[in-house]
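Please read the structure below before turning to the comments.
The values are calculated or read from the model by the stated rules, or taken from the named source; none is laboratory data. Source: prediction; values computed, not measured. Neighbour counts are summed over all protein chains in view; Cβ atoms, including those assigned to glycine, are modelled from backbone coordinates with ideal geometry.
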Amino acid sequence: MIADNPWLDGLVRMGIIALAMPLAVIILTYVERKISGRMQQRLGPMRVGPYGLFQGLADTIKLLTKEDLRPQTADRWTFELAPFVVVVPVFLAFVTLPFTADLFVRNLGLGLFFIIAVSGVSIVGFVMAGWGSDNKYALLGGARAAAQLISYEIPLVLAVVAVAMIAYTPEAGRGSLNLVEIVDGQGRVPFIVWQPLAFFIFLVAGLAELYRQPFDIPVAESEVVGGPFIEYSGIRWSMFQMAEFVSMVLISVLAALLFLGGWNWPLGNGAGIALQIPLILVKTSFFILLFIWLRFSLPRLRIDQMMQFCWQVLLPFALLQIIINGWVLVYGWPDWTLGVSSGALTLVAGYLTYRAARQAAEEPVSPRLHRVGSVL
Amino acid sequence: MTTEYRVTPGKDLETIDINVNVGPQHPATHGVFRMVLTVDGEQVVDVDPIIGYMHRGAEKLSENCDYRQAIGYQDRTDYLAQFNTELCYVLALEKLAGIEPPERANYIRVILAELNRIASHYMFMGAFGTDIGVFGTAFMYTFRDREIIQDLFEEVTGERMMYAYFRAGGVAWDVPNDFRERCREILGAVRKGIGDIDGLMTDNEVIIARCRGLGPVTPEDAINWGMTGPMLRATGLAHDLRRAEPYCIYDRFEFDIPTGTRGDVYDRYLVRLEEMRQSVRIVEQALEGMPEGPIMAEGLKRTLRLPEGEVYMRNETPRGEYGIYLISKGGDKPYRLKIRSPAFSNLSALRAMSIGSYVADTIITLGSIDIVLCEVDR
């Protein structure tokens with residue numbers, strides 16, 4: 001408890017989140033630019049401050065003072081409200097996201113459900129931006145974002161459900177949607193060991209939720225030139241940008257909590273906040289670095305390939321994972337059966353995906369050239 | 001380019017095809033190319049390519065200045081393969097005038113033209129990587145190595161872009177003393193750079209998934225469209241003017257002509273990658289054989305005057321068959337000069353290659369043609 005009054009306490013905690021996240025965004029943009037610089041044999045920002053440390057700050061000031069343009073033909077309220085619809089749900093998700101055993105705004109019993117439900121609302125903002133901009137690139141991008149959401153969201157939810165099923169606490173037994181309880185069950189063994197398949201599905205679907213390579217289809221720079229963001233400038237554009245980075249933090253923290261044992265593993269339960277904070281930081285950073293690394297090394301998939309992958313690979317395997325979990329829980333088999341079966345399924349899924357990609361490369365293409373109209 | 005409401009079979013909803021304008025300012029149009037896509041959702045129904053934003057009248061301009069001055073206009077057509085286009089022009093002049101350039105000049109020309117080909121293909125690799133979504137990484141790697149080559153060109157010619165270095169009868173001045181060592185140095189870096197690109201892109205599952213089977217062209221169709229260069233070789237035809245109709249001294253070098261099997265976007269990428277390796281081989285052999293001696297043919301007048309007649313000279317630039325058709329009525333200016341642009345012919349197949357594919361595919365197909373708009377529009 002920070003303050004005695006529960007309302008005041010909640011407000012203070014939310015205030016801390018609301019202040020900390022923009023700061024994290026500023027740091028993350030700097031980190032991303034530096035890492036991309038390393039990967040591309042550049043220096044990255046070097047001018048503002050030592051090693052360009054204040055570049056993020058300078059950019060923030062620039063974005064805040066930039067003119068906020070709106071195309072004359074844009075649908076005014078749809079256009080202007082879209083950034084808020086994107087940003088607010090992402091921040092809302094932090095209401096119940098625990099960073100350590102007692103560092104959270106509110107520990108909800110249905111926390112996991114709340115986060116998944118709320119973060120899905122963002123898509124409305126993307127579609128609003130795509131529609132309201134009165135720009136065809138934005139329209140294409142918005143439609144792509146919607147198509148992408150329905151593809152990744154279901155495997156993502158199912159992967160999370162798989163974890164929630166096997167979460168264990170001595171008081172409540174199996175099954176929990178409370179994030180603190182889920183992490184408490186991972187004192188000795190993180191769930192990545194029992195549920196590797198769910199972990200990879202979560203990671204891939206999370207990547208799709210972040211619109212990062214290879215799933216940056218809605219904002220594809222070389223195709224739709226930023227997609228829904230194309231007409232935005234100044235503060236509204238930076239709100240989209242902030243939402244993107246904050247959701248990167250959200251997904252990373254969530255992955256750390258659900259699969260890497262959050263603040264518990266490998267220290268065991270009740271290690272004290274001084275050890276728990278660095279531990280969760282390290283795990284979160286790992287995922288953030290992974291996302292940045294992937295962004296600068298992978299090309300982009302096509303929207304239909306992405307949907308195909310989500311519906312034909314991720315979804316069936318996520319369902320299979322849930323069925324196996326149910327089986328193990330009903331018959332009360334030992335935990336290692338979970339790990340073995342899930343690990344085997346992961347290998348099968350990986351092999352099938354690999355073979356599908358290779359087969360597409362090997363099978364002969366019938367060369368064709370469309371003969372159209374007067375051209376030929 | 002029509003907007004019409006229609007009812008898709010099996011659906012009650014009336015849908016509309018929208019026109020999406022891509023270019024002339026768009027990150028994926030490689031210059032000032034413009035195309036109007038008619039899309040049905042993500043599917044491309046029609047493509048209307050619009051060129052001409054870069055038209056400068058290079059042919060007409062060349063008719064108004066003497067033969068030496070017009071060399072500069074050749075640089076400005078294909079600005080990624082300037083030495084190759086210059087070479088074609090001076091070879092046309094030499095053919096009509098009957099000038100035989102000295103050995104050393106020939107070797108310098110071949111070395112520079114092949115290095116230029118490597119630089120141009122580097123540019124393709126980088127731009128192609130960006131088109132396909134590798135966020136700048138391919139671009140930075142290719143430009144690292146392209147820059148080294150560019151530095152050498154600057155040392156030799158004093159210019160980074162508009163070299164105007166080749167002359168009818170030889171080259172303008174001799175190369176620096178450390179030319180051989182510098183070239184060897186560059187070849188080492190280039191060989192490593194090609195490996196980097198290969199490692200980054202070739203075996204990537206996503207790239208294979210995106211490019212395999214995209215925009216395939218049969219050899220017959222390719223000939224009908226007048227495709228040349230890597231676009232043609234990707235279909236399986238081993239047609240390379242350096243081998244089919246050796247100009248300069250290309251008959252002395254040993255090199256392979258890489259060909260594809262399916263004529264799709266991925267094959268075009270592979271052919272270009274392999275061509276870079278072959279160019280390295282040619283430069284190595286040329287460096288071995290480069291003699292000392294004069295760099296300009298003997299007994300040339302200060303102003304070049306061609307006898308009456310006409311000539312067609314063609315050579316293999318990184319984009320394909322670059323041709324110069326020149327009519328002389330005597331005197332120091334051409335009566336007519338026509339440039340055959342390889343990228344123009346290759347680009348003409350864009351519509352046929354991309355109808356029925358996705359918007360994202362059209363961007364890649366366009367990238368795989370490797371257009372230089374200055375050359376298309378002339």
(request) Select the helices (runs of 4 or more DSSP H) contained entirely in the range A:110-210, then report the ones holding at least 2 residues which are at pLDDT 90 or above and away from every other protein chain (no Cβ under 14 Å). (result) A:111-119, A:122-132, A:136-166, A:196-209
(request) With respect to A:Y51, determine if the residue is without any contact (Cβ under 8 Å) to a residue 40 or more places away in the chain, in a helix (DSSP H, G or I) and on the phi > 0 side of the Ramachandran plot. (result) yes
(request) State all residues of the range A:109-123 that are within 13 Å of A:S176 (Cα to Cα) and either out of contact with any Leu (no Cβ under 6 Å at 6 or more places or on another chain) or of a type in the set (K, R) (or both); if no residue qualifies, say none. (result) A:G109
(message) When the residues of the range A:60-107 are narrowed to those that are among the polar types (S, T, N, Q), surrounded by 14 or more Cβ atoms within 10 Å (Cβ to Cβ) and in a loop (DSSP other than H, G, I, E, B), which ends up modelled with the lowest pLDDT?
(response) A:N107
(message) So in the range A:183-204, with the set limited to residues that are more than 14 Å from A:A159 (Cα to Cα) and of a type outside the set (A, V, I, L, M), which one is surrounded by the fewest Cβ atoms within 10 Å (Cβ to Cβ)?
(response) A:R188
(request) Go through (1) crowded, with 20+ Cβ neighbours inside 10 Å; (2) over 16 Å from B:Y73 (Cβ atoms) one by one and return the number of the condition B:D377 breaks. (result) (2)
(request) With respect to B:Y269, determine if the residue is within 26 Å of B:I111 (Cβ to Cβ) and in contact with a Leu (Cβ under 7 Å, 6 or more places away or on another chain). (result) no
(message) Give me the residue from the range B:126-137 that is part of a helix (DSSP H, G or I) and aliphatic (A, V, I, L, M) and, out of that set, nearest to the other protein chains (Cβ to nearest Cβ).
(response) B:I132
(message) On the basis of being among the small types (G, A, S), surrounded by fewer than 23 Cβ atoms within 10 Å (Cβ to Cβ) and under 18 Å from the mean Cα position of the chain (by Cα), does B:S341 make the cut?
(response) no
(message) Checking B:D251 against (1) more than 18 Å from the chain's Cα centre (by Cα); (2) in contact (Cβ under 8 Å) with a residue 12 or more places away in the chain: exactly one of these is not met. Which one?
(response) (2)
(request) Would you please name the residue that is farthest from the other protein chains (Cβ to nearest Cβ), looking only at residues in the range B:165-198 that are of a type in the set (K, R) and assigned to a helix (DSSP H, G or I)? (result) B:R180
(message) Suppose the filter is modelled with pLDDT under 85 and either buried (at least 19 other Cβ atoms within 10 Å of the Cβ) or in a loop (DSSP other than H, G, I, E, B) (or both); does B:H55 pass it?
(response) no
(message) without any contact (Cβ under 8 Å) to a residue 60 or more places away in the chain and surrounded by 20 or more Cβ atoms within 10 Å (Cβ to Cβ): which single residue out of A:L179, A:L156, A:L207, A:L140 fits that description?
(response) A:L156
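Mind counting the residues in the range B:143-159 that are touching a residue at least 24 places away in the same chain (Cβ under 8 Å) and either within 14 Å of chain A (Cβ to nearest Cβ) or of a type in the set (S, T, Y) (or both)? Can you show your working first?
We begin by selecting, within the range B:143-159, every residue touching a residue at least 24 places away in the same chain (Cβ under 8 Å); these are B:144-146, B:148-150, B:152-153, B:155-156.
In the following step, the residues that additionally are either within 14 Å of chain A (Cβ to nearest Cβ) or of a type in the set (S, T, Y) (or both) were identified as B:144-146, B:148.
The total comes to 4.
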(message) Filter the range A:211-236 down to the residues that are assigned to a helix (DSSP H, G or I), of a type outside the set (A, V, I, L, M, F, W, C) and under 15 Å from A:N135 (Cα atoms) and list them by number.
(response) A:G227, A:P228
(request) Check B:S279 against each of (1) modelled with pLDDT under 90; (2) in contact with a helix residue (DSSP H, G or I) (Cβ under 7 Å, 6 or more places away or on another chain); (3) not charged (D, E, K, R) and name the one condition it does not meet. (result) (1)
(request) Check the range B:25-45 and report whether any residue there is out of contact with any Pro (no Cβ under 9 Å at 6 or more places or on another chain) and either acidic (D, E) or away from chain A (no Cβ under 14 Å) (or both). (result) yes
(request) Just name the residue that is modelled with the highest pLDDT out of those in the range A:1-48 that are assigned to a loop (DSSP other than H, G, I, E, B), loosely packed, with under 14 Cβ neighbours inside 10 Å and of a type in the set (D, E, K, R). (result) A:R47
(request) Find all pairs meeting these conditions: Cβ atoms under 7 angstrom apart; at least six residues apart or on different chains; first residue within the range A:25-36 and more than 14 Å from chain B (Cβ to nearest Cβ); second residue in a helix (DSSP H, G or I) and of a type in the set (S, T, N, Q). (result) A:I26/A:T60; A:Y30/A:Q55
(request) Being away from chain A (no Cβ under 13 Å) and part of a helix (DSSP H, G or I) narrows it down to one of B:M123, B:M162, B:M140, B:M201, so name that one. (result) B:M123
(message) Can you pull out every residue in the range A:108-137 that is surrounded by 23 or more Cβ atoms within 10 Å (Cβ to Cβ), among the aliphatic types (A, V, I, L, M) and over 27 Å from A:A74 (Cα atoms)?
(response) A:L112, A:I115
(request) Hey, can you tell me all the residues within the range A:160-170 that are touching a Gly at 6+ places or on another chain (Cβ under 9 Å), farther than 16 Å from A:G111 by Cβ and among the hydrophobic types (A, V, I, L, M, F, W, C)? (result) A:I166
(message) Restricting to the range A:224-238, give me the number of residues that are at the interface with chain B (Cβ under 10 Å from one of its Cβ atoms) and either closer than 21 Å to A:V25 by Cα or touching a His at 6+ places or on another chain (Cβ under 9 Å) (or both).
(response) 2
(message) Between a residue in the range A:292-303 that is touching a residue at least 24 places away in the same chain (Cβ under 8 Å) and under 19 Å from A:Y30 (Cβ atoms) and any residue that is surrounded by fewer than 20 Cβ atoms within 10 Å (Cβ to Cβ) and β-branched (V, I, T), which pairs come within a Cβ distance under 6 Å, given they are 6 or more apart or on different chains?
(response) A:I292/A:I35
(request) Answer with yes or no whether A:S233 is surrounded by fewer than 24 Cβ atoms within 10 Å (Cβ to Cβ), touching a Lys or Arg at 6+ places or on another chain (Cβ under 8 Å) and among the small types (G, A, S). (result) yes
